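Novice: Mind looking over this structure? Questions follow.
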């Protein structure tokens, strides 16, 4: 966190193009700090972490005593990948459930209505 407090960072505008599913959560790529202000990405210029990118609340640079959002970009991206994988699993489960429901509806349709009645009627004369 020393990078943001030392004033030795170059700002990079991330354009705010990331959408958030849950703004109260700080998992994944952040767009807002807990204080409600936007988050920007910066590049560290310290000896310990040269050229390492991080997300930081823009207000934190003026209020160094307060604890505002700080996150390394690579940590945020790893978290984002896990969130996407979890969402993909949920979508796959939803698709599977819909396919099963569709199959059950097709079977039900075959056993009811005109076709079902005709099939039942014909089976009585065999």
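Novice: Sort 38-45, 84-91 by packing, meaning the average of other beta carbons within 10 Å per residue, with the highest value first.
Specialist: 38-45, 84-91
Novice: Give me the number: length gained by fully extending residue 85 to residue 102, i.e. 0.36 nm times residue separation minus the C-alpha to C-alpha distance, one decimal in nm.
Specialist: 3.6 nm
Every number in this text was worked out from the coordinates using simple rules, so none of it is lab data. Not measured: the values here are computed from a predicted model. Glycine gets a Cβ as well: all are built from the backbone with ideal geometry, and neighbour counts include every protein chain shown.
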